[in-house]
Amino acid sequence: MRDPKDTAKRFIEINHPECAGALLAGSCARGEATQTSDLDIIILYAGENQAYRESLLFEGWPVEAFVYTGEAYLKFFASDAERGIPSMPRMVSEAIVLKESPAVTKMKSGANSIFSAGPSPWNKQKIDHNRYMITNLVDDFVDKEVGGEAYFLANAIINDLAIFTLRTRQHWIGSGKWMFRELKSMDAALANQFEQSLAAFYQQHDKQAIVQLVDDCLDPYGGRLFEGYYVG
């Protein structure tokens, strides 16, 4: 397997020779590249704020190019902090520098600050809304016979509860495997409880473990919520 960093450097030299800076991100930067990995390359230019993303092939490698002019990336940093999924801050924080510049240094510094600070905190209204939604899911789940609908409800409960637990502790969330990784990085014992509650339901059709997990996670914030919930 060819060295991804060398290939990424050639990509920059050939396709973006006048850029103000460049970084290699993703699995290749983390040393986790596989035969199916692509090159996630962040490219900076001076000028008025603009951004685009392009997918292409280079020397047999699939390339995802993220191109930012000026400080257009700041909008994506702010959006990630608001939604709680640190896609851009993580990419930049972990990235290997391909072409050094003050713009690259500034971008990495900003990403590191956002990534270490965590996402924007939830207010009480947001917490109560999510307590209410999870409560409704649990009520439906308890009433269903084991089968299709119950399986989908179990998945929805675990996903929404993971989001609730991570965000109320002002920790990043993720999508798919990243949700479990974030749980594990925050609290390994709690991540194991999430895993075991799903296993108990799928393998033994035991709903109680999921219901108990919900109560354990919601209790510090007032428990399940139905009566008195109001949205104006």
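The values are calculated or read from the model by the stated rules, or taken from the named source; none is laboratory data. Everything numeric in this text was worked out from a predicted model, so none of it was measured. Note that each Cβ is placed from the backbone with ideal geometry, even for glycine, and that neighbours are counted across all protein chains shown.
Looking at (1) touching an Asp or Glu at 6+ places or on another chain (Cβ under 8 Å); (2) farther than 22 Å from Lys9 by Cα, which one does Pro89 not meet, given that it meets all the others?
(2) is the only condition that Pro89 fails.
If Gly84 meets every condition in (1) at pLDDT 95 or above; (2) out of contact with any Cys (no Cβ under 9 Å at 6 or more places or on another chain) apart from one, which number is that one?
Of the numbered conditions (1) at pLDDT 95 or above; (2) out of contact with any Cys (no Cβ under 9 Å at 6 or more places or on another chain), the odd one out for Gly84 is (1).
Test Tyr68 against the stated conditions and say whether it is among the hydroxyl-bearing types (Ser, Thr, Tyr) and in contact (Cβ under 8 Å) with a residue 24 or more places away in the chain. Before you say what the answer is, go through the steps one by one.
Details: among the hydroxyl-bearing types (Ser, Thr, Tyr): yes; in contact (Cβ under 8 Å) with a residue 24 or more places away in the chain: yes.
Considered against the rule, which asks whether it is among the hydroxyl-bearing types (Ser, Thr, Tyr) and in contact (Cβ under 8 Å) with a residue 24 or more places away in the chain, Tyr68 comes out as yes.
Would you check if there is a residue in segment 156-174 being under 16 Å from His205 (Cα atoms) and either of a type outside the set (Gly, Ala, Ser) or modelled with pLDDT of 95 or more (or both)?
Yes; the residues of segment 156-174 include at least one that is under 16 Å from His205 (Cα atoms) and either of a type outside the set (Gly, Ala, Ser) or modelled with pLDDT of 95 or more (or both).
Of all residues in segment 175-195, which are closer than 18 Å to Ile210 by Cα and acidic (Asp, Glu)?
Asp187, Glu195
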